[in-house]
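Have a look at the structure below before the remarks.
We did not get these values from a lab; they are worked out from the coordinates using the rules stated. Quick caveat, the model's predicted, so the values are computed rather than measured. Don't worry about glycine lacking a Cβ; one is built from the backbone with ideal geometry, like all the others, and counts go over all protein chains shown.
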Amino acid sequence: MLFDTHVHVNARQFMEDRDEVIQRAFDAGVTYMVVVGFDRETIPLAIDIAEQYETIYAAVGWHPVDAIDMTDADLAWIEELASHPKVVAIGEMGLDYHWDKSPKDVQKAVFRKQIQLAKKVNMPIIIHNREATEDIITILQEEDAAQVGGIMHCYNDSAAYVQTCLDMNFYISLGGPVTFKNAPLPKEVAAVVPLDRLLVETDAPFLAPHPNRGKRNEPAYVKLVAEKIAEIRDVSLEELSEKTTENAFSLFRIKP
Ligand code: NI
């Protein structure tokens, strides 16, 4: 049994065949998922899907690339949705310095507001970090995000930062890149994260694992991620699946 802790089956790439994609995941043993909403269109859809399937949950937040579009009304809306019974986390949120649609100071302000909101509603946060590690860590520390903890999503930093994240009460989630042939960093991380702080995810439709790299990703493929990590750590797929699923239940406070 596997738990895909970060999936966007609410994205337009799944408009045509969403239910089939979800069924394929269930058939592959991916029983649980958190569908992550990140803007005005994807948030309501994440909640709709979570209402439709018993073992699917939702996260609600605002993506840093679109930080410039977020209004106070959006923030209030996210706060209201946090009390929905299937919403288990706030995010994704964070900083993305790869794209320049939203200036850095706007991204930082929107990130801080969402951390403060998560502390108010006492929910874990899901962090998107692209080329912004130093600023992410500074803000998480200044805002005392350790109070709520959460997930370093699609972790793609060196193993040197793992301990800092663990100290702040965060779990490390690994996805497709751990299977990429020319990607040593996530493999190093997969080897050192304590088993009780490790999660698996797809971030579908993005970052499909080998041998599907470059194609549309889907939640069934989280098994490829788990298999690779099990191989790196020299544990059985069964043990890895069981532990990472338990970790997700604990972080999201799900009682299966
Ligand atoms: Ni995402």
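Going residue by residue through the stretch 73-88, is there one that turns out to be closer than 20 Å to Pro205 by Cβ and within 16 Å of the ligand (Cβ to nearest atom)? No, because not a single residue in the stretch 73-88 is closer than 20 Å to Pro205 by Cβ and within 16 Å of the ligand (Cβ to nearest atom). Of all the numbered requirements in (1) more than 22 Å from Leu198 (Cα to Cα); (2) crowded, with 24+ Cβ neighbours inside 10 Å; (3) within 13 Å of the ligand (Cβ to nearest atom); (4) of a type outside the set (Gly, Ala, Ser), Gln107 misses one, and that requirement is (3).
What do you reckon, is Ile115 within 16 Å of the ligand (Cβ to nearest atom), buried (at least 24 other Cβ atoms within 10 Å of the Cβ), β-branched (Val, Ile, Thr) and not in a loop (DSSP other than H, G, I, E, B)? Against the criterion (within 16 Å of the ligand (Cβ to nearest atom), buried (at least 24 other Cβ atoms within 10 Å of the Cβ), β-branched (Val, Ile, Thr) and not in a loop (DSSP other than H, G, I, E, B)), Ile115 does not qualify. Filtering the stretch 25-42 to residues that are surrounded by fewer than 24 Cβ atoms within 10 Å (Cβ to Cβ) and within 13 Å of the ligand (Cβ to nearest atom) leaves Asp39, Thr42. In the stretch 201-215, what residues are touching a strand residue (DSSP E or B) at 6+ places or on another chain (Cβ under 6 Å) and either among the aliphatic types (A, V, I, L, M) or free of Cβ contacts under 8 Å to residues at least 24 places away in the same chain (or both)? The one that is touching a strand residue (DSSP E or B) at 6+ places or on another chain (Cβ under 6 Å) and either among the aliphatic types (A, V, I, L, M) or free of Cβ contacts under 8 Å to residues at least 24 places away in the same chain (or both): Ala204.
Report yes if some residue within the stretch 205-219 is surrounded by fewer than 18 Cβ atoms within 10 Å (Cβ to Cβ), of a type outside the set (Phe, Trp, Tyr), under 24 Å from Glu20 (Cβ atoms) and within 16 Å of the ligand (Cβ to nearest atom); otherwise report no. Scanning the stretch 205-219, I find at least one residue that is surrounded by fewer than 18 Cβ atoms within 10 Å (Cβ to Cβ), of a type outside the set (Phe, Trp, Tyr), under 24 Å from Glu20 (Cβ atoms) and within 16 Å of the ligand (Cβ to nearest atom), so the answer is yes.
Among the candidates Ile49, Ile22, the residue that is β-branched (Val, Ile, Thr), within 16 Å of the ligand (Cβ to nearest atom) and either surrounded by 15 or more Cβ atoms within 10 Å (Cβ to Cβ) or assigned to a loop (DSSP other than H, G, I, E, B) (or both) is uniquely Ile49.
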